[in-house]
Amino acid sequence: MANAFIDELRWRGMLQDIMPGTEEQLNKEVTHGYVGFDPTADSLHIGSLVPILLLVHLQKAGHKPYALVGGATGMVGDPTGKSEERNMLSEDVLLRNVAGIKAQLEKFLDFETGKENAAVMVNNFDWFKNISFLDFIREAGKHITVNYMMAKDSVKKRLQSETGMSFTEFTYQLVQGYDFYWLYEHEQCKLQMGGSDQWGNIVTGTELIRRKAGGEAFAFTCPLIKKADGTKFGKSEQGNVWLDATKTSPYQFYQFWLNASDEDAQNWIKIFTFLTREEIEDIIAEHQQNPGERKLQKTLAKELSIFVHGQAEYEKAIETTAKLFSAKSMAAEDLSEEDIISMEGVIKSAFPKQRLMQGIDVVSFLAETNIFLSKGEARKMIQSGGVSINRKKVADVAMPLTGNNLLHQKYLLVQKGKKQHFLVEAG
């Protein structure tokens, strides 16, 4: 029997590995399924959108989603896909991060109590805080062999690396496996979902349930999202693209999706939106007839902006984009102060006005404002024609900057390369 939920994920390109029997389980009954989120920051970023969407699709299909925030595992560190051990976080920081992530997940999932498939948030610190080390190795450790744990690719890679692997990280898959066992026993969770890099850890959970509880559990993973050009998904020139509007503005968030390549946009519109197959096929066909209109990118950016930030912020992002686009053709001297201070997508910094009044060479200015890491780097970029100040190309590495260069006696606009823009306020 076909399963609508799995079929939906399959055509969207959101299914990689699936355990035998999973589709049958989902057809048989309302299934409780979970995804784990790593609380290394107080906000999720767009790399977390796929696991969020797995839970949303699960709930839309009538099943019950659980979002597990790893308050305990966040203290350990997952070795999967890492080349070295990460820093451990204090309990205070973890609690703040967990609260931030919970607030974000409540925007995407229906937590309304009373519904059979209302979403539930759990924190593994709640069940790990009272388990002693001896209890854990007796309750969980004796059921999984070291041979089984060492056969996992993530463990093999780290053991063969120069840095090796700490005992703390080695036990991570057992700790994550225990999460699945605990949720199976206390919340009737029979399904775990996650990224394909988590398959080894997830399977350890199903094995623990089989050996310790004599039960049967299921799992599937989605592929890790990649960009067509090989660069890392989820990064912009400013770093991570966060779901928190104070870390990544709705305008910057909108621009990230708008700047997707045609190939990426065609893949991502299936993964990151809830548009139907027919709607997506129509948009792709329309885009192919007139690629310059960028219908794919505009639709992708619209759907994601509304999903994450809401209709009002999406409309503001459109307004800002139009305003900046028209302002780009204006000379810097013609920009009003309001135009300058309302610019989105620029990196803002301050610089002592007195230094400019005394006069400073452009290379020193670029290094002292941290626009470039060194004078040498700034000099090279100027020589290759990659620096503009107040929308005029800098041709001379010895060019002086003074108070006369300030816009509205206060601002300097700096462009580095093709896409990085800086607003320096002199005060």
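Loop-resident trypsin sites (Lys or Arg not before Pro) (DSSP state other than H, G, I, E or B) in region 104-143 with no more than 14 further Cβ atoms inside 10 Å of their Cβ: 115, 129.
Separation of the alpha carbons by more than 23 angstrom is noted, of 393/419; 107/316; 232/316; 152/212; 316/348; 190/227, for 232/316; 190/227. Amide hydrogen proximity for residue 37: with H placed 1.01 Å from N in the peptide plane, the residues at 5 or more positions away or on another chain lying under 5 Å are 68, 69, 70. Using the Cβ of residue 408 as centre and a radius below 13 Å, the other residues enclosed give a net charge of -4, where K and R count +1 and D and E count -1. On a per residue basis, the chain carries 49 Å² of accessible surface, using protein heavy atoms and a 1.4 Å probe.
Amide H contacts for residue 347 (H built 1.01 Å from N in the peptide plane; partners 5 or more residues away or on another chain; cut-off under 5 Å): 421, 422, 423.
Taking the 1.4 Å solvent-accessible surface of the chain as the whole, the part contributed by carbon and sulfur is 50%.
Between rounded, prolate and oblate, where does region 153-200 land on the alpha carbon gyration tensor, with a ≥ b ≥ c its root eigenvalues, rounded for a/c under 1.5, else prolate if a/b exceeds b/c? In terms of gyration-tensor shape, oblate. Within the chain, antiparallel bridges make up roughly 45 percent of the DSSP beta bridges whose residues both belong there. The listed peptides 180-192, 390-402, ordered by packing as a protection proxy, come out as 180-192, 390-402 (highest mean of other Cβ atoms within 10 Å first).
Classification of region 1-58 by its C-alpha gyration tensor yields a prolate form. The axis ratio a/c (a ≥ b ≥ c) is 1.5 or more, and a/b outweighs b/c.
Values [x] 47, 23, 20; [y] 46, 27, 19; [z] 34, 27, 23 are given for comparison; semi-axes √(5λ) of the Cα gyration tensor in Å, derived from the coordinates here, is the one labelled [y].
Straight Cα distances below 17 angstrom link residue 28 to the aspartates and glutamates 7, 116, 216, with same-chain residues fewer than 8 positions distant left out. Per the Kirkwood formula applied to alpha carbons, region 179-288 shows a radius of gyration over Rh ratio, Rg over Rh, of 1.11. For a distance above 22 Å, tell me the whole-number percent of Cα pairs in region 264-400 that qualify. I get 59 percent for the Cα pairs in region 264-400 exceeding 22 Å. Among rounded, prolate and oblate, which fits region 111-259 when a ≥ b ≥ c are the square roots of the eigenvalues of its C-alpha gyration tensor, a/c under 1.5 means rounded, and a/b larger than b/c means prolate? Judged from the Cα gyration tensor, region 111-259 comes out oblate (a/c at least 1.5, b/c at or above a/b).
The values are calculated or read from the model by the stated rules, or taken from the named source; none is laboratory data. These numbers come from a predicted model, not from an experiment. All Cβ positions, glycine included, derive from the backbone under ideal geometry; neighbour counts span all protein chains shown. These accessible areas exclude ligands, DNA and RNA; they are computed on the full protein's heavy atoms, side chains included. Shrake-Rupley method; radii C 1.70, N 1.55, O 1.52, S 1.80 Å.
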